[in-house]
Structures are given as C-alpha cells and as structure tokens.
There are 2 protein chains.
Amino acid sequence: MRGFFYPESVAVVGVSPAPTNLGRAIAYHLFEFRYTGRVYLVGLKGGSFLGHTIYRSLHEVPGRVELAVVLTPAQTLPDVIRACGELGIRRLVIESAGFRELGEERRSLEEEVTATARRYGIRFIGPNCIGVMNKENGLALPFVPFRDFFHLGQLSIVSQSGGVGVAILNSVATEQLGFSKFASIGNKLDTDENDLLEYLLEDEATGVIFLYLEGVADGRRLMELASRSEKLIIAHKSNTSETSARIARSHTASLSVADDVVSAAFRQCGIHRVTDMRSAMDAIRACSLPPMRGNRLAVVSRSGGHAVVAADAAAKYGFHLQPFPEAFLRMVESRLRAGVIRLGNPMDLGDLFDFELFHQIVSQTLRRDDIDGVLMVHNYNGVFFDGESRGLVQAIRKTCEEIQKPVALCLLTTEEELRINRRTNPGYPLFTEPEEAACTLAISREFASRRVRKGEGPKAAPGDAEKARAILAAASARGSHQLMPDEAFSVLSAYGIPVAPWAATGSAAEAAARAAELGFPVAMKVMAEEIVHKSDVGGVLLNCLSNAEVEAGFDRLSSLAGLSSPASGRQPILVQKMVVEGPEIFVGGRQDPTFGAVVLLGLGGVYVEVLGDVALRVAPITPAEAWEMIDEIRGSGLLRGVRSQGPADRDALVAVVRRISQLLCDLPEIGEIDVNPVKVLSAGRGCVAVDCRIVLTPGVRS
Amino acid sequence: MRGFFYPESVAVVGVSPAPTNLGRAIAYHLFEFRYTGRVYLVGLKGGSFLGHTIYRSLHEVPGRVELAVVLTPAQTLPDVIRACGELGIRRLVIESAGFRELGEERRSLEEEVTATARRYGIRFIGPNCIGVMNKENGLALPFVPFRDFFHLGQLSIVSQSGGVGVAILNSVATEQLGFSKFASIGNKLDTDENDLLEYLLEDEATGVIFLYLEGVADGRRLMELASRSEKLIIAHKSNTSETSARIARSHTASLSVADDVVSAAFRQCGIHRVTDMRSAMDAIRACSLPPMRGNRLAVVSRSGGHAVVAADAAAKYGFHLQPFPEAFLRMVESRLRAGVIRLGNPMDLGDLFDFELFHQIVSQTLRRDDIDGVLMVHNYNGVFFDGESRGLVQAIRKTCEEIQKPVALCLLTTEEELRINRRTNPGYPLFTEPEEAACTLAISREFASRRVRKGEGPKAAPGDAEKARAILAAASARGSHQLMPDEAFSVLSAYGIPVAPWAATGSAAEAAARAAELGFPVAMKVMAEEIVHKSDVGGVLLNCLSNAEVEAGFDRLSSLAGLSSPASGRQPILVQKMVVEGPEIFVGGRQDPTFGAVVLLGLGGVYVEVLGDVALRVAPITPAEAWEMIDEIRGSGLLRGVRSQGPADRDALVAVVRRISQLLCDLPEIGEIDVNPVKVLSAGRGCVAVDCRIVLTPGVRS
C-alpha cells in the first residue's frame, strides 16, 4: 500500500486542455500542493496544461512511472490497465465512474478490469473515487479542486465517498487541525478499507484513523485489525436506513449491513463510531488533545451561566467535579475585584479580570495529581483585551502540551476572534460551547481507557459439537427448517446449557407417568412441523397439577390440527417441569452475513418484543462482554434484585450466554436460535432454559 | 415593560474615567450602536468619557431620564433607587452583583431594594445582570463590550445569564441571522422571564422568543403564557444536575427544578426545549426558514456520499422522501454529462455541472404540491466556479422566500466561502452538514404543527372531592403520613376509579366469609401504620384458594410485628379479589413545587423501578395527553396486544389517568399517589386498581 502514498513519479491519465476536463484539476493539485515527485500528464488529444506537455499515450511518457491516476471513461479502463501493465506500472488510482453502481450489467466490465490488473500484478484503488492525498510529499490526486490550506497532522482518512472525505478535510482545515493521508476508495474493487487500514496502522506518520464507510467489506478482518491496533480508529458507517441503502447502492455499490451489528462490532474491537459530521469532529478534536486519563474534571469559567451549563454537561458525560484545595480557593478569592463570587468547582471567575491569574489557575490545577483534565470557558468579544485574550489562549495551549493533560478551551467570542485564535494555535482544538468540550473530553477518556486486545479471549467450555451436528443433520435430512423442541433441548444439553427437565411422550399414560417422575406442576407442549408458534394455537398447557390433568391435556393437544400425521416415529407431546422462580431472560443469536455469528440478550417472555431492548455482540464473546450485555439491558435491575427479591444467578447466565456464543460459532448451520425464556434462579442456584427455538441456515449442511 | 426597550433617554449610573471601569462599556455601547435617544453619564468622581460629561449625581443631570442603568456597588443601590424615585425615573436596569447569590445574609439588602422600588412605583430588571438591548433603536446596555455587527431580525432573547445570552448573540451574528430585543434578567428580583415573555408576545417586532433559564419563577404562569402564544418559544433550561444546582445558586440564586417536569411542562405548552448551544442554534435556524408544513422532503445532493448521509438523517428524523415525477427525472438525466448516475430521491447530482439546472431542480421541486421542503447539499471548494456557486446560493435563498417553503442548504466548502455566502445572504441560515439541516427541518415541522391552546381542555368527570377530603383529613388527624390501603381505595372510588373488590376484615371468620363473597382466589394484605412496604415483610398473601387458606392467612398476617396495636377501631386485614388477567400498569402522581400536580404512567409491578421508563405530564391533562403518555412508554406494545393477547382497554386506562390528574389538582393535600398495578383488561372490559399508596403533603391540611 505504501506505493499509493509515496510514489516517486505520477502519471495523470485523462488530461485535456478543455476547460471542463477534470483531469486538469488533478494536475493542478500536484502543483498547488508542491508534490515532491515527477508528474507526467497523459491525454488522447495531447496539447499542454500550465506549461506541461500532455503526452498522447502512456507509452510516450519519457520517464519511469510509479503510480498512474486514471480519469478516462469506464470502457477504456481495460486498455489503460494493459498499457500500465506493459510499462511496469504496478499501482493505479482509478477515479473513473460508471461501474457496478450503475447496475448489474456493468459487472462484466468490472470483472475485466480486475482480471486485467491481476494478470499484471497491479494493485489499484477505486474505481469511482477521488483518489489519494499525502500531505507529507504533496501527493494530491482528487479531481475535486481545492487549495492547500492544510496543516500536517497525524490524522489519516479513508473514505468510501470522495465528497464526504473532502467535507471532513474542510472541517479539519477550518479548525486548523492537520492530516497526514487521505484515500477515497469508491467501489473498492481491489483495495478496500481493510487493506488501507492495515497499512495505516503500520504507517509511522499516522496516529489516528478516520473511516467513512457505506458498506463493510469484511467485518471479521476489520475487527481483527482494529482489535490489535494501538492507534485510535474513528468510523462513520452510514447507509443505515432503507432509503439510504437505495442511494448507496447506486453511489458506491454498497449493500447495507444490520446497523445494530455494526455498532456492536465496532464497540467490541474499540472503533469509535460516529454518526455525522458533528460527532466526527468531536472525536477528531478528542484525538488532538492530550488524553483524559481519568474522570476527575475541573471546570473554570469566566461566565457564571456557562459554569452552570458546563456543570450540566459534565454531569451528562459522567465526570466527577473534583473539589479545589481550600488554600487555592482562598488565594484566588483574595484576588477577586468585588468579592461578589463564591468559588468552587465549577469555578465562576466572572468577577476576576487578571489574565495572568486565569492562566495560573488552569496551570496549577492541571498539575494536580487528582485532576485529569480541565474544561475552561473563556468569553470576550473582541473589543477590549484582545491581546491579553489571545495570549491566554496560547499560554493554555502550551501548558496543555507541556503537562500532557487536556484543557478543553471554549472560546466564546466573535467569528473573527475565533478564526484568529485558531490560526495562532494550529493543531489545538478550540471549542465553541461547553457541551461540545465535555463531549470531546468524554471521548478522550474513552480513548485513554481503550485496551488493545492481546490474542483470543478465553474460550467458553467446549460443547459436544458432533452430537449437536447430528441432531441438526437429521432435521435437515427430513426437510425441516426448524428443530422440534426436544431436538432443540438436546442441542442445548450438548453445549452444557441446563434445560428444565422434560420428556417426549407418545401416549396419555406415558405423559402422566413422566409428569409424575418430573414432579408437578408440569407444562405440556405439542411438537409438530406445522405448529411453529405453539402458544398462539393453544399448543401449550401450563400448570398441569395432576395425572388427570396431564392425561386430559395429552388428548387435547393430540387433537390439534397438524397432529393427524406426526413425523414418523416421533413422540409428539412434550412434558416439562414448570419453573416458577426467577426472572425470565431471552438469550439468542443468529448468523450475520457480514460479521458472522452474533449473540443477543434481553428480558424474556413477551418483553423482548415489547421493549425492543436487546444487547447484541459479535461472537465469540469474552466473559467481560457477557457481563456488559447483562448490564446494558434496561431490565438488568431485575437480575440484580428488586424489592424483596434477592439477586439472581448472573454468573450462571454469563455461562449460558457464552455457551450460546460458542454454539453459534461452532455450528454455522444454526441460522437463528432463541432461548426464551431462560429462568435465572437465585444466586448460586444456576439457570434453566424453558423453551428454545432453533432455525436452520438455508443451504448450510452439517 | 415597553419602557425598558424604548426609552427616550438613558442615564448610565456608575461611570468613571478609570480604564477598568465597567460603566464605560455601557456608555461606549450606546454610542457604538447609535442609540437614538439621549445619554447621560453619572459617576461619583465626575470627569468625562469620550467627550461626554460624567455628572456627579443623578440630580445634576440636566434633562429628563426615562431609564437608569446602574452599575454601582450593591450597598449603594437603596440610595440610587431613592434618587431615581425622587426624580421620577420609573425604569431601572440594575447590573450590580452582590445580592442573594452570595448567600442568605444578603437577602435583607435585596428586600430593601425591592421595598424602595415599590415605594416609588419603580420597575427594575436585575440585579446581577448585563442589561437589555434593542437593535431597533440602538439601546445597548451590557457592560460586556462588543461591537455592533448584528442584523435586525425577529428573534428576541431573554437570558438569566449575561454570558450565555451574549454567546447566543455571537452565534447569531456569526451565522448572519438577526435579533430584535435582548434582556438579561439575573436574579429576577422584580422583573422575571414571565413579565418579559408577556411583553414580547405582544411586541410587534418580535416573532420568536429564546429563553435561557437557570430556574423557573412561576411554572404555571409560564405555561399559560406559552400555551396562548402564536409566536414560537425556544427555551434552554439549564441547571439540571446536582453540581450545576450548587453553582446556579451562587450565580443567579436559582434553585433547581425536577428536570423531567420541566421537559413535560414545556412540551405541553408548546415551548421547544433545547439543551445546549448546538440545539439552540438548530431551533433558531428553524425559525429563520419558511415553515416545513408537512413531512414530504426532497433531498438533492452534489455529492453521492452526502446523498447517503442525508438519507440517513432524513430517516432519523422521520421524513418521507417523496419520489420525483418520472418526466422530471428523465429531463434531468438528459442533462447529465457522462450518464453515470441513476436518479431518485435522494437525487445524486454528482455528474452534473450546470448551476442553472441545479437551481431549476430545486425551484421546480419546491413548487410541487406534494413537497413540503428541500434539503440540498452543495459542495465546492472555492477554487473554480466561486461566482456560479455564490449565485446559486443567492438564487436558492430567493426561491425559498418567494415560494415560502424551506430549502435547508448545506454549504460544504471552505471557511472563507462559507463566510462570504453568509454575508451575502443575511437572515438565511446556511448549514454545514446534512444532519444539522435535517434536524432543523424537523424542528420547523414541529413548529408548523404547533397548535395554540384555546381555553381549557375538557375536564375529567368530576370526583367526589368532599368525600376524598374527609378521608384525608381523618388520616391527617390521627397523625398519619400515609393512608391505609382501604382508605386509599376509598379515595380512588370517590373519583370513579374502579378498584378490585375488597373488604376490610377483623377476624379470620369474617375474612373467610368476605373472601367467599368476593370469589376465590383472593389476596390478603395487612394494614398497619408500621408496615409500609407490605410485601417486603411478608404482609401480602396472594392466590388464597379456600376458606381454610384465608383463615390461616388471617392468623399469619395478624401475628406480624406492629399489629399488636392496630389503630383503634380499624379492621386490620384486607381481603381482595385477585385479578389475573391483563397487563399491569403503574399510574401515579405528585405535587411539584414549581409546576404543581404532575401525573405519571409506566409499566406496573417492579417494572416501573427496573425500567425507569415513566411518562410524565403536568396536570390537568387532556385526553390527547393521556393517550400520548400511553404511547410514549416503551412497554406500550403490551397494551396494544402482543402475540396471542388482544389489545387492552386503553380507553379505560385514559379515563383512569385523567381521573388521577383531576384528583391531584383538586386535592393538594395528596403529596404522592401510586396506583400500582392497574390491571388493564381486554378492550371494552375496563381496568381495575389492585393496589394504591397515598402519601399526604406535609403541612397541607384539608
């Protein structure tokens, strides 16, 4: 990948002297950004641009070309690639559009492009992109025209959309922050986000990576790369709704991915997900400050109202406002003009007009061991004290750099003063309101507490995959898409998941006998292919208390429609011991096409549907992740104990969740599993599955 | 109030020639903003400022003064007010700090100030504020210095904090939007937000009102004023956390109000609540566009990526992306350069470079009857096509004004180009990302659908307040803070709220007899002052199935601690018919110190605690508000019916909620009421209260 960013020479293919020609913009950029390598312009019609010859073909170029950037009509691409191949050019950036995004009929053209490139060992970025940039050497290939008002920084950007990437660059430039590398990947036919991410994780000039994605090429690889990364990764994954999926398909040929799975996957591998430009800039600002290594914040404000607003924001983001030492407060109070302010944290400096003291307060506070960061609000209106104010901002930036703790400085002033202060302090983010500053510090705290995942987490106790597979194969062989309840229970048992004692029975007498063995009360369930939602058709009887009730129940269930022809050799009525105690939890999972097996947890019974409150993780999950899932659902208080009910056995529930996770990873032939409910008994007494539905993955065979 | 904004002459009291004197800034402003009235400067030391005499006392001022603005030490205020009184000055703006915000010991000074002002019929704003402004006549009294780079607009601002008010003004100026009036109210000792709101609702120059509040002076009056308002009101109520309450007390002497009550109250009276500067500016921008009168949106983007992002945002805010007519799409497609884009809504114009056509697309779309607004993304980088781009922005603003539908235009460009375009289009908001634009259109849609409340809503069927009052008085007389269950049930019955049939019993035999009459199964509950959480001490028995069980239950409950001395003459064991059917709902309420009676609704049983998911409204509530509450809780699906369960009787639940609302309004002596659960039977069968707790308001007697 390095060849895409550090070529010694570039050929721009598709330049013409026509004023609407886009290739000219690429050439213009290379000069504007003072690219340090050699530039060759190529275009069918020849001529010249800004005094540079336009060669009529790549073969006419007099020097060696390391990278070709191409903006010719889609149909010409196979020929251009062949020419590159013959000339030994091994890196291409293809900006031309007109491929799969126009519809399936263009897929053969894509295939030809890919095949031709493969034949010559060529790697390319695109098509349908705006190319790459490297601020270090002035490589600037976008056909979208802009000026070089950028600083060099540690942020590198990979964007599936050129427009969105450029908008991020412009925002970064407006705030006088910097960037290192930029790549627009378009249809990612050859090089995808993972290839670039892998490179940028190694690239010494890159410290933070921002991804804009409309689709995810390979979810598992992305997770692996991110998990191992020491660098911070921020991602805006768009294309989250039905309408956006339609336009994304025609824009960069991306299909949408289940959005909750994306969020879970990013969270698990430490990618910070953003949802728009605002949250993207919050995260980019967070990376531009020294890290907030803890939760102890001091708020210092020159406006009393903003002290209140900042305290609201600090509370919103869960910061602890650490008290100031008494001696320090007395010192500051002794310097107040009218003594009309009482000091605390937040500290309202409304009555103080001493710029040197403002700096001292921040600097002394930042040096304290019990403070992790400062949120400062400085307001002035650009009439008096401009010089002092600008000096203060600079002094605070320097203190921040020196002490290596963050000061999120809100500069509430005029547009002009804000601009001047930003220009004097490149690379240092200045905030325009306390909420924004607190949000950024919270992201910084999140980043600072991020752990790189070393290797695999501990495996859940292994299940008897062979046994489970045999059950699945049998169901599949008889043409079923869903297991019978007794089969599902057997699969759970094969993975060590406790099931409420049960028996499959073939006659009323047998049912009564088994019920007596299991102990009353029992539940009875009908088992038939035709009856999927058992309880909706009266296929479930609860709380049967005696032999007589069980026998009558057997007859009633047997007479239900669909049981006239029970599967050969099966015993159609399930008798199961009732479990009354404990909260009901739903544990389940499914296979996601992009990220593979995912595990779900929520309140059980009908609440999982009614509340729509489900924790989700990509499998396999660690014990810590299973605990997080339990804490994440709104109903988790039910498990911690409420009123007279003691705590439930959450350790046992964690084990169940991890075993389900293992089961889904081992057995891709399980498309969907719902264990609903799992009854969680009181602490130390375990939990038991009461009902389970397993749906087979179409087309996957054991 | 008009006298505060349109005085013919102003005296600035507290001016000295010292460079740190803040009174000078006030004088400076009056000149900078070209105040149209006469200005007199007053200061103990005399001298002059900017060529204007500083008179040594108000008595020396040669002309009539209509408004005095005062910035002298707090202790001097009574004298200054007396002087004003003697001279017939009836309006004061007191900017001096040093009152109640410093602690209770300054309250007597406040009282003297208020009393002195009353004696002379003086109305004043402040103290501890930065004064008022009126862009129309150049009245500008803040001691915080700023330049007049403001436009005249229809937005008026009332801010409890000067700093926050100025920050809003600066943001408005940065975006080249305008304002009409500004008032900072500080400690609001005489004039509060309601007084100013009432005036601004009448003021012809004001179209939109923005409030920043740290406390609410009189919640009910605020709600009444807002409910009747044709004008839009936006409010940032801060001071929502424990720490912010501390600093707000020392800043503007504001106590905090329960935040969920504030949100509910604002929503009920049509005030749009914002939580920070970002959301404030979103709302202010929404008021700067023609209203979005419906939900049908067209998205037009020059960047494919932003078309995707905009579609995400449109989905997030619930907009419907209306399809474009086929003929129109064909027309636009015929103008594409390379034909490499497929058009739809969102419309990706990435392949089009015709600024006249961009405008045509927006203008023709906006004129369509089936379109309520347009979100347009225009990106360019200020290298080529600057003139065309700027012309396009102006043309779109004009179209927007002409057709009186909103075009939320995202201008994704460089900082400089954004500034230039804003200056050329004052009063027209330009957005910097699709999310922000969609959010603003959503607020505009909310504003457009806002209804002015005409008079009172229909009353709930009146309850028997006298009967309820007698029960409450009896409990209060015997020193109870909480009603016994039978008393609470009687209060519910007095308000027509159905209660599961019950009887209070004094012996085992009586209990069994009553149980048989009620019908088995029954529940039994102990009633004793000492036992508040009945079920935590085993004071509740459920599902008693026979005479024998009831008799044994009576003995067991009677033997519980605290029953050795039952309240004289009371029958201590309640027997109640069990209601098994239907979802359990919690309905309750309490008296809020600022807003009065509030009503609550959530899932019943332990779920109200576990899920913390409660809908809240200020009473009395309309039927529509009761329906909203039901739809608002996450568990509302349970009432609409789930799986085999049909819909529950939500009409009956609405009646219960409204009766509880009426009961709390009629009986302020009820401090808190929890009806938990209310069992909601299937549609048409009503609902019944099963348990009820009523706590008396301390100090309020029937």
Inset, instruction - Quick one: B:Arg118 ticks every box in (1) within 22 Å of B:Glu193 (Cα to Cα); (2) surrounded by 15 or more Cβ atoms within 10 Å (Cβ to Cβ) except a single one, so which number is it? - result: (2)
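Only one residue in A:Val407, A:Val393 is away from every other protein chain (no Cβ under 12 Å), open to solvent by less than 10 Å² (accessible area, probe 1.4 Å), closer than 28 Å to A:Gly207 by Cβ and free of Cβ contacts under 8 Å to residues at least 40 places away in the same chain. Which one?
A:Val393
So which residues in region B:239-274 are within 12 Å of chain A (Cβ to nearest Cβ) and modelled with pLDDT of 95 or more, if there are any at all? Let's see the steps before the verdict.
Of the residues in region B:239-274, the ones within 12 Å of chain A (Cβ to nearest Cβ) are B:239-254, B:256, B:259, B:274.
Once the filter is applied, which keeps residues that are within 12 Å of chain A (Cβ to nearest Cβ) and modelled with pLDDT of 95 or more, region B:239-274 yields only B:Val274.
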Legend entry - Failed item, numbered, when B:Leu213 is tested on (1) in contact with a Lys or Arg (Cβ under 6 Å, 6 or more places away or on another chain); (2) hydrophobic (A, V, I, L, M, F, W, C); (3) over 20 Å from A:Glu433 (Cα atoms): (3)
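Can you tell me which residue in region B:131-144 is farthest from the other protein chains (Cβ to nearest Cβ), limited to those that are open to solvent by 10 Å² or more (accessible area, probe 1.4 Å) and either outside any loop (DSSP other than H, G, I, E, B) or within 30 Å of B:Arg82 (Cβ to Cβ) (or both)?
Keep residues of region B:131-144 that are open to solvent by 10 Å² or more (accessible area, probe 1.4 Å), which gives B:135-137, B:143-144.
From what's left, either outside any loop (DSSP other than H, G, I, E, B) or within 30 Å of B:Arg82 (Cβ to Cβ) (or both): B:137, B:143-144.
Working: B:Asn137: 21, B:Phe143: 11, B:Val144: 6 Å.
The qualifying residue farthest from the other protein chains (Cβ to nearest Cβ) is B:Asn137.
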Inset, instruction - Scan region B:149-182 for residues that are at the interface with chain A (Cβ under 8 Å from one of its Cβ atoms), surrounded by fewer than 23 Cβ atoms within 10 Å (Cβ to Cβ) and more than 22 Å from B:Leu30 (Cβ to Cβ) and report the count. - result: 2
Legend entry - Count of region B:675-684 residues which are modelled with pLDDT of 95 or more and not aliphatic (A, V, I, L, M): 1
Inset, instruction - Among the numbered conditions (1) open to solvent by 20 Å² or more (accessible area, probe 1.4 Å); (2) not in a helix (DSSP H, G or I), tell me where B:Asn381 comes up short. - result: (1)
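Table: residues versus (1) touching a Leu at 6+ places or on another chain (Cβ under 7 Å); (2) hydroxyl-bearing (Ser, Thr, Tyr).
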residue: B:Tyr380; (1), (2): no, yes
residue: B:Glu388; (1), (2): no, no
residue: B:Leu392; (1), (2): no, no
residue: B:Ile403; (1), (2): yes, no
residue: B:Ala408; (1), (2): yes, no
residue: B:Leu411; (1), (2): yes, no
residue: B:Thr414; (1), (2): no, yes
residue: B:Arg422; (1), (2): yes, no
Legend entry - Failed condition for A:His306, given (1) over 28 Å from B:Glu105 (Cβ atoms); (2) not in a strand (DSSP E or B): (1)
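Against the condition surrounded by fewer than 17 Cβ atoms within 10 Å (Cβ to Cβ) and over 27 Å from B:Asp192 (Cα atoms), how does B:Thr36 come out, does it pass?
Numbers: surrounded by fewer than 17 Cβ atoms within 10 Å (Cβ to Cβ): yes; over 27 Å from B:Asp192 (Cα atoms): no.
No; evaluated as a whole, the condition is false for this residue.
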Legend entry - Count - residues of region B:485-501 that are open to solvent by 10 Å² or more (accessible area, probe 1.4 Å) and not in a helix (DSSP H, G or I): 4
Inset, instruction - Go through region A:415-461 residue by residue and tally those that are crowded, with 20+ Cβ neighbours inside 10 Å and at pLDDT below 90. - result: 1
Legend entry - Sole exception among (1) surrounded by 23 or more Cβ atoms within 10 Å (Cβ to Cβ); (2) more than 30 Å from the chain's Cα centre (by Cα); (3) acidic (Asp, Glu); (4) at pLDDT 95 or above for A:Asp372, by number: (2)
Inset, instruction - Would you mind telling me which numbered condition in (1) open to solvent by less than 10 Å² (accessible area, probe 1.4 Å); (2) facing chain A (nearest Cβ under 10 Å) B:Thr191 fails? - result: (2)
Inset, instruction - Could you please find all residues in region A:1-57 being under 37 Å from the mean Cα position of the chain (by Cα) and among the polar types (S, T, N, Q)? - result: A:Ser9, A:Thr36
Inset, instruction - For region A:83-96, state whether one or more residues are on the phi < 0 side of the Ramachandran plot, surrounded by 24 or more Cβ atoms within 10 Å (Cβ to Cβ) and of a type in the set (Asp, Glu). - result: yes
Legend entry - Of all residues making up region B:294-340, the number that are under 17 Å from B:Ala437 (Cβ atoms), among the charged types (D, E, K, R) and either more than 9 Å from chain A (Cβ to nearest Cβ) or open to solvent by 50 Å² or more (accessible area, probe 1.4 Å) (or both): 2
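Give the residue, chosen from B:Ser565, B:Ser546, that is at pLDDT 85 or above, away from chain A (no Cβ under 14 Å), farther than 22 Å from B:Ala470 by Cα and surrounded by fewer than 16 Cβ atoms within 10 Å (Cβ to Cβ). Reasoning before the result, please.
Working: B:Ser565 fails: at pLDDT 85 or above.
On inspection, the qualifying residue turns out to be B:Ser546.
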Legend entry - Hits in region A:172-201 (condition: assigned to a helix (DSSP H, G or I), of a type in the set (S, T, N, Q) and at pLDDT below 95): A:Thr174
Inset, instruction - Write out, first by first residue and then by second, each pair whose Cβ atoms fall under 9 Å of each other, whose residues are 6+ apart or on separate chains, and whose first residue, in region A:159-175, is closer than 21 Å to A:Pro127 by Cβ while the second is basic (Lys, Arg) and modelled with pLDDT under 95. - result: A:Gln160/A:Lys188; A:Gly163/B:Arg302
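Just checking, how many residues over region B:356-365 are within 16 Å of B:Glu388 (Cα to Cα) and buried (at least 18 other Cβ atoms within 10 Å of the Cβ)? Steps first, please.
So the first thing to find is which residues in region B:356-365 are within 16 Å of B:Glu388 (Cα to Cα), and the list is B:356-362.
Within this subset, residues satisfying the condition of being buried (at least 18 other Cβ atoms within 10 Å of the Cβ) are B:358-359, B:361-362.
Result for region B:356-365: 4.
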Inset, instruction - Those residues that are in contact (Cβ under 8 Å) with a residue 40 or more places away in the chain and over 26 Å from A:Asp259 (Cα atoms), I need them from region A:610-644; list them, please. - result: A:Leu638, A:Leu639
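Hey, among B:Val656, B:Val700, which residue is in the same structural domain as B:Ala461 (by TED's automatic domain parsing), more than 19 Å from A:Leu611 (Cβ to Cβ) and surrounded by 24 or more Cβ atoms within 10 Å (Cβ to Cβ)?
Details: B:Val700 fails: surrounded by 24 or more Cβ atoms within 10 Å (Cβ to Cβ).
Result: B:Val656 is the single residue among B:Val656, B:Val700 that is in the same structural domain as B:Ala461 (by TED's automatic domain parsing), more than 19 Å from A:Leu611 (Cβ to Cβ) and surrounded by 24 or more Cβ atoms within 10 Å (Cβ to Cβ).
Taking helices (runs of 4 or more DSSP H) that do not extend beyond region B:589-691, which have at least 1 residues that are farther than 30 Å from A:Gly539 by Cα and within 12 Å of chain A (Cβ to nearest Cβ)? Spell out the reasoning first.
Values: elements: B:607-611, B:623-632, B:637-640, B:650-666.
The helices (runs of 4 or more DSSP H) meeting that bar are B:607-611.
The values are calculated or read from the model by the stated rules, or taken from the named source; none is laboratory data. From a predicted model like this one, the values you see are computed outputs, not experimental measurements. Glycine gets a Cβ as well: all are built from the backbone with ideal geometry, and neighbour counts include every protein chain shown. Heads up: the accessible areas ignore ligands, DNA and RNA and are worked out on the full protein's heavy atoms, side chains in. Shrake-Rupley method; radii C 1.70, N 1.55, O 1.52, S 1.80 Å.
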